[in-house]
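Student: Mind having a look at this structure? Questions to follow.
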Amino acid sequence: MSESANERMSESANERIGESSKIQNPKSKIIGVQTNQGDFHARWVINAAGLFADEVMHKAGVRPEFRITPRRGEYYVMDGAKVQINNVLFPVPSKVSKGILVTTTLHGNALVGPNAEEIDDKTDVAVTAEGMREIWDGAQKLAPGLSQRDVIATFAGLRPGGNAPCIGCATPYNKDFVIEVPDTVAGFVNLGGMESPALTAAPAIAERVVALLQGAGEVLHEKADWNPIRPARPVFRRLDREAQAALIARDPRYGRVICRCETVTEGEIVAEIHAPIPATTYDAIKRRTWLGTGRCLGGFDMPRVVDILARELGMSALEVSKKGEGSEFIVRRTKQV
């Protein structure tokens, strides 16, 4: 939300509130957001921007002293065919982190990490030599049998950490979640300062937001036809032979394996491309299906996935990207020199 848009929206709302209710000192009201996809008007704006929650709340005129410092965590991913971990191995937590773990993913790969490094850049997800040494040394204390020969990938992620207190705020931040409807701004639900436990707490946070909206006078009507159950799309490798055969009979694309390491089929890839929230890049499909995460790291499947994306999205193979604009795989045809 741009500052100018916020000022225009708040000022116009102030004028209307003052005229209609005759409030002498009306508080500002957020009535929408301005984005690069257009302007969106709403009765309520909910700030759930994660690492950028502080910037959103500042644009809304809330908690001006509150700052979020990103905390980087680096990881090793182990070859699922070589390393199997059936438990979560936890060290003694430190003051800033739960510690470096050796655990497993939902897909069966052992995972080593993270460390905890506070940085300034909210987009810096690069791994570092120092960080990788740190997490490997930590992992060796828990599982000394691990070998770096079985590492197939490294990555880093960012989480909110090192959050500065809001000096002078009516509700000071004391290393706890910020979940509020501010007294100073109407039409705004503010969520921020949430570290790793927020993932587990997300359903409870959603219920709290509903309660806050109702407490602020918003009348909510549950949809009579609301169905909270989203049927899972088929995961070919987890089906028995009979179910696999039936699926192939319905759609032959499930009989063509595109990723050999993880046994991901063309049918699964196409299903994700045309899902309600479509996967339109290689990494999006990777996160949905786990293709490209085996020992070959996509060396076998990537050219085929590029062809499938181009075909299903009606685009040139030159436009297919790893994770969006600027990460295209192909720059020209071989003979175009």
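The values are calculated or read from the model by the stated rules, or taken from the named source; none is laboratory data. Every value quoted in this text rests on a predicted model; they were computed, and no experiment measured them. No Cβ is skipped: glycine too gets one built from the backbone with ideal geometry, and neighbour counts run over all protein chains shown.
Student: Given the conditions (1) surrounded by fewer than 19 Cβ atoms within 10 Å (Cβ to Cβ); (2) among the aliphatic types (A, V, I, L, M); (3) modelled with pLDDT of 90 or more; (4) closer than 17 Å to Ile152 by Cβ, which single one is not true for Val264?
Tutor: Of the numbered conditions (1) surrounded by fewer than 19 Cβ atoms within 10 Å (Cβ to Cβ); (2) among the aliphatic types (A, V, I, L, M); (3) modelled with pLDDT of 90 or more; (4) closer than 17 Å to Ile152 by Cβ, the odd one out for Val264 is (1).
Student: I'd like to know if segment 205-216 contains one or more residues that are within 30 Å of Lys98 (Cα to Cα) and part of a loop (DSSP other than H, G, I, E, B). Working first, answer last.
Tutor: Just the residues of segment 205-216 that are within 30 Å of Lys98 (Cα to Cα), to begin with: 205-209.
If we keep only those that are part of a loop (DSSP other than H, G, I, E, B) as well, we get none.
Taking every residue of segment 205-216 in turn, none turns out to be within 30 Å of Lys98 (Cα to Cα) and part of a loop (DSSP other than H, G, I, E, B).
Student: Inspect all residues belonging to segment 128-135 and state whether any of them is modelled with pLDDT of 90 or more, assigned to a loop (DSSP other than H, G, I, E, B), of a type in the set (S, T, N, Q) and within 18 Å of Arg71 (Cβ to Cβ).
Tutor: Going residue by residue through segment 128-135, those that are modelled with pLDDT of 90 or more are 128-135.
Going one step further and asking which of them are assigned to a loop (DSSP other than H, G, I, E, B), we end up with 128.
Remaining after also requiring of a type in the set (S, T, N, Q): 128.
Subsequent filtering for residues that are within 18 Å of Arg71 (Cβ to Cβ) retains 128.
Yes, some residue in segment 128-135 is modelled with pLDDT of 90 or more, assigned to a loop (DSSP other than H, G, I, E, B), of a type in the set (S, T, N, Q) and within 18 Å of Arg71 (Cβ to Cβ).
Student: So the check is Cβ under 6 Å with 6+ separation or different chains; which pairs have a first residue in segment 279-300 that's at pLDDT 95 or above and a second one that's among the polar types (S, T, N, Q)?
Tutor: Qualifying pairs under 6 Å: Thr281/Ser321.
Student: OK, next. Step by step: first the residues of segment 202-249, then only those that are surrounded by 11 or more Cβ atoms within 10 Å (Cβ to Cβ) and of a type in the set (Lys, Arg), then the one that is farthest from the chain's Cα centre (by Cα). Which residue is that?
Tutor: Result: Arg237.
Student: Would it be correct to say that Ile258 is modelled with pLDDT of 95 or more, part of a strand (DSSP E or B), of a type outside the set (Gly, Ala, Ser) and surrounded by 14 or more Cβ atoms within 10 Å (Cβ to Cβ)?
Tutor: On the way: modelled with pLDDT of 95 or more: yes; part of a strand (DSSP E or B): yes; of a type outside the set (Gly, Ala, Ser): yes; surrounded by 14 or more Cβ atoms within 10 Å (Cβ to Cβ): yes.
Yes; evaluated as a whole, the condition is true for this residue.
Student: Can you tell me which of (1) in a loop (DSSP other than H, G, I, E, B); (2) within 30 Å of Val189 (Cβ to Cβ) is the one Ala284 doesn't meet?
Tutor: Condition (1) is where Ala284 drops out.
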